[in-house]
Protein chains: 2
Amino acid sequence: MSLIVQKYGGSSVADAESIKRVAKRIVETRRAGNDVVVVVSAMGDTTDELLDLAGEVTPFPEPRELDMLLTAGERISMALLAMTIKGMGMDARSFTGSQAGMITDSQHGAARIVDVTPVRLREALDEGSIVIVAGFQGFNRDSRDITTLGRGGSDTSAVALAAALDADMCEIYTDVDGVFTADPRVVKKATKIDRITAEEMLELAAAGSKVLHLRAVEFARRHGVTLHVRSSFNNSEGTLVVNPQEGENVEEAIIAGVAADLSEAKITVVGVPDIPGKAAQIFTILGKAGANIDMIVQNVSAAETGLTDISFTLPKAQGPSALQALRAEKDAVGFDTLQYDDQIGKLAVVGAGMRSNAGVSAQLFQALSDAGINIEMISTSEIRISVVTRADTINDAVRVVHTAFGLDGDQDAVVYAGTGR
Amino acid sequence: MSLIVQKYGGSSVADAESIKRVAKRIVETRRAGNDVVVVVSAMGDTTDELLDLAGEVTPFPEPRELDMLLTAGERISMALLAMTIKGMGMDARSFTGSQAGMITDSQHGAARIVDVTPVRLREALDEGSIVIVAGFQGFNRDSRDITTLGRGGSDTSAVALAAALDADMCEIYTDVDGVFTADPRVVKKATKIDRITAEEMLELAAAGSKVLHLRAVEFARRHGVTLHVRSSFNNSEGTLVVNPQEGENVEEAIIAGVAADLSEAKITVVGVPDIPGKAAQIFTILGKAGANIDMIVQNVSAAETGLTDISFTLPKAQGPSALQALRAEKDAVGFDTLQYDDQIGKLAVVGAGMRSNAGVSAQLFQALSDAGINIEMISTSEIRISVVTRADTINDAVRVVHTAFGLDGDQDAVVYAGTGR
């Protein structure tokens, strides 16, 4: 008997009909002889509606109370799902994050999981019950307060439970068929990836692929959890995210996929004295301002001036505070000016096969050049190459790169008018 | 420093504006130098909306899951209220029924409170915080499951907490100004009662007065909690529900108030053999069918037949199942026929002063007779007289009795277009 963890997002349980459809799938999985643990998000727009309510009563909701408020969302969906399954004649029990033993630190709104003690889930499974768990939420043991995991929380809940229960598989149900070689809304001939390593998935998620949250993939990689990303609207096989053992002979595609991201801005610090410690000084200031820096590029300094330029990208929302923090330290750092650019796009090609295949970057740059797309920044990791271009060329860039690396499928991908994640 | 428990019903926290108004009142109570514990119901129609959702996914929701679902309602209102108060610059913390130590039995949907261990509330109060608690919900220690207290649950939560915390006062906020001598929508000259004993309030609640739930009043009487029933829409003094000490010299009004109830039906079992044990047999059958019997009247038997008639009233909703249960035992009991009448109204006059004042029943019957209203059943307790009349005469009956006992005020009562309780 296998133990399967299934995670359903908000769009999969948006209304009574959707909940019944999901319940049917869960019952089928149970009837096929598996133990089933289900992690569920809040229904449709519930979380946004609760956030709106909070905004109506106070401009800056207390984080502890905001967590108390938001966790009502999953409480509703999990109870409805459990009673639906009960109504179908199967035993099912719902558990809050706290009841499920999801222990976190005390950082309300963005809590980190510190331990998972699913004693009650194990008991319920042993009694033959289907287990339904509220995603996104946990419990701090010291304050005895309810916490939420923040963005990507439900995916992370599912992976953490799969690891703690030593599940055979963690299925992430969503409104798309799996992970694609590129966003099918941009690249018509994008194809579903059948199998990808967690390492590659991590780079794709970091580069803007929205199907799986970075944090959940990181957790899955660290704990060796196999993920199956698939649609809750059909029975097609989705994408397996695997963790090959050291030395395991895996034939890896040179390029697994192409991702794009329009959510970042670029800041250039112009005229920085080219002396040791200046970069450290700048990024310490930015770190204190809470900026999440992504790409960093420093040009060679012009010898005659002894000055250099440092550029970096960060989420647009953090742009103003980062600029303010730098301006406040202008004299201490000794730079000339700041340039801010929020019209950039980032493209990344990811593939574990890159390690053993030279020439991938040359091929990438050539494809962009042929299409007349200018490259403004470059950054690479072992299995990823990222470039920054103008925002309005990013979709063209993704398409030409997808074609250049031979990723185009024979037919157009099916795009669902889903509500996204 | 006094400790005050305040309970706000759903209509008092129906939207963001109402929550802000309630928060202001709580903050004022705290600023006046009191410790404050607030018990809050779900916002407006939330509970009904959640019940509708449950009905959409399954015809018979599992009680455990229904409780899990419904408790999301108070979770939302309590978190919003706590963050509103926090936004006003006062410390406030919300607690679920379980966190508040509201220990119940395991009867989902109608759990009884078995213990209250408000350790965390006491800690929060000691730290100077305003405490917000979800009404209506509790926790069963054996199953470790969430429970709800059923009808009147939030009032009962408030009274139980007031008792456990040894509060100086339990304020029940509602959308009317207090307890009235009669329903102001029926009797224009009804007056607000300033002070009433818990014993009288109990009889009024049992007789159909809807301002306070019977169960909460019972709890308050048993634990000596003083209640203050008042409006959340103004600052007027409401009605004090007091527990005079044995021997305390209280001048008691002969009649405290008049209540009416149109929710009951009458069943008459015709032709019951007038031999010992027959009444016991009938009411055992009804008890097993789950019928809550209110008034019972047995006529003297006609000597020549040796048969008697037994009439009783019960909630209309329980009529069909009670009839069915009796019909199934017709031969065993040996009665002739059953008569069912759901067009009855019940009127009760309540007053502790009745004990020492003869002639109250005569005065009541005379007033009804003068108005041409026929009495079909009579039942009395030490401090209450109830009569059953035709349903369509009940409002007239309340008005003439209210006048006959000198309860009419000098001016018309203000009736709010509230949402009721």
Quiz prompt | Whole-Å semi-axes of segment B:78-224's equivalent ellipsoid (Cα gyration tensor) | solution = 28, 20, 14
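How shielded is B:97-104 by partner chains, expressed as the average number of their Cβ atoms within 10 Å of its Cβ atoms?
Average per residue, whole number: 1.
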Quiz prompt | A:Glu376-A:Ala332 FRET efficiency (beta carbon distance; Förster radius 25 Å; 0.05 resolution) | solution = 0.35
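Which of the three applies to the protein assembly as shown, rounded, prolate or oblate, going by the alpha-carbon gyration tensor with a ≥ b ≥ c and a/c under 1.5 meaning rounded? Walk me through the intermediate numbers first.
On the way: a/c = 3.24, a/b = 2.06, b/c = 1.58.
Cα axes put the protein assembly as shown in the prolate bin.
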Self-check item: Peptide-level mean, for A:15-21, of C-beta atoms on other protein chains within 10 Å
Solution: 3
Practice problem: Please sort A:334-341, B:204-211, B:263-270 by packing, taking for each peptide the average over its residues of neighbouring beta carbons within 10 angstrom, highest first. | Solution: B:204-211, B:263-270, A:334-341
Quiz item: Can you list, shortest first and in nm, the gaps between the label point of A:Val333 and those of its counterparts in the other copies, using a point 7 Å from Cα in the C-beta direction?
Solution: 8.9
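Over chain A, what is the mean sequence separation of C-alpha contacts under 8 Å (at least six apart), divided by residue count, expressed as relative contact order in percent? Mind showing how you got there, number by number?
On the way: 901 pairs, mean separation 62.2, N = 421.
Taking the mean separation of contacting Cα pairs over the length of chain A, I get 15 percent.
Where does chain A land at 222 nm, in deg cm²/dmol rounded to the nearest 500, when only DSSP H runs of n ≥ 4 count, each adding -39500 (n - 2.57), divided by all residues? The partial results should precede the final answer.
Numbers: 12 runs with 139 residues, N = 421.
After summing the helix terms and dividing by the residues of chain A, the value is -10000 deg cm²/dmol.
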Quiz prompt | Under the Karplus curve 6.51 cos²θ - 1.76 cosθ + 1.60, θ = phi - 60°, whole-Hz ³J(HN,Hα) for segment A:133-147, x wherever Gly or Pro sits | solution = 10, 5, x, 6, 10, x, 8, 9, 6, 6, 7, 6, 9, 7, 10
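Counting only complete DSSP H runs, which helices of chain B cover 30 Å or more along their long axis at the Cα atoms and score a mean Kyte-Doolittle of -1.0 or above?
Working: long enough: B:63-87 (36 Å, 0.44).
Qualifying helices, which must be both long enough and hydrophobic enough, are B:63-87.
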Practice problem: Evaluate 2.2 N^0.38 Å with N set to the residue count of segment A:1-160, then give the Cα radius of gyration divided by it. | Solution: 1.01
Quiz item: Can you list residues whose amide H is under 5 Å from B:Thr308's amide H, if they're 5+ apart or on another chain and H is modeled 1.01 Å from N?
Solution: B:Gly271, B:Val272, B:Asp274
Practice problem: Return, ordered by residue number, the residues of segment A:1-35 whose backbone nitrogen is under 18 Å from a label point located 7 Å along Cα→Cβ of A:Arg222. | Solution: none
Self-check item: Cβ-derived FRET efficiency at R0 25 Å, A:Asn235 paired with A:Asn292, nearest 0.05
Solution: 0.05
Quiz item: What list of ³J(HN,Hα) couplings, whole Hz, do you get for segment A:96-103 from phi and the Karplus terms 6.51, -1.76, 1.60, once you set θ to phi - 60° and write x for glycine and proline?
Solution: 6, x, 5, 5, 7, x, 7, 8
Quiz item: aspartates and glutamates within cross-link reach of A:Lys278: Cα-Cα under 17 Å, excluding same-chain residues under 8 positions apart?
Solution: A:Asp309, A:Glu329, A:Asp331, A:Asp336
Practice problem: Kindly work out what percent of the DSSP beta bridges joining two residues of chain B are antiparallel, to the nearest 5. | Solution: 60 percent
Quiz item: Cross-link list A:Lys7/A:Lys288; B:Lys288/B:Lys330; A:Lys210/A:Lys330; A:Lys24/A:Lys189: which exceed 25 angstrom alpha carbon to alpha carbon?
Solution: A:Lys7/A:Lys288; A:Lys210/A:Lys330; A:Lys24/A:Lys189
Exercise. List the residues whose amide H sits under 5 Å from the amide H of B:Asp91, counting only those 5 or more places along or on another chain, with H placed 1.01 Å from N in the peptide plane.
Key: B:Ile130
Quiz item: When each copy gets a label point 7 Å from Cα toward the beta-carbon at A:Met169, what are the spacings between them in nm, shortest first?
Solution: 6.4
Exercise. Take every Cα-Cα distance within chain A, group them into 10 Å bins from 0 onward, and report for each bin the whole-number percent of pairs it holds.
Key: 4, 20, 27, 25, 17, 6, 1, 0, 0
Self-check item: GluC sites (Glu not before Pro) lying in DSSP loop within segment B:161-255, provided at most 16 other Cβ fall within 10 Å
Solution: B:Glu237, B:Glu246, B:Glu248, B:Glu251
Exercise. For A:Thr147, list long-range residues whose amide hydrogen, built 1.01 Å from N in the peptide plane, is under 5 Å from its own amide hydrogen.
Key: A:Gly138, A:Phe139, A:Asn140
Quiz item: What is the log10 of I(q)/I(0) for segment A:264-421, computed with the Debye formula using one identical point scatterer on each Cα and no solvent, at q = 0.11 Å⁻¹?
Solution: -0.55
Quiz item: What are the ³J(HN,Hα) values, in whole Hz, obtained from phi via the Karplus relation 6.51 cos²θ - 1.76 cosθ + 1.60 with θ = phi - 60°, for each residue of segment B:3-14 in sequence order, with x given for Gly and Pro?
Solution: 10, 10, 9, 10, 10, 10, x, x, 6, 7, 10, 5
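Rule-based calculations on the coordinates, nothing more; no lab input. Small disclaimer: the values here were computed from a predicted structure and weren't measured. Positions of Cβ are backbone-derived with ideal geometry, glycine not excepted, and every protein chain shown enters the neighbour counts.
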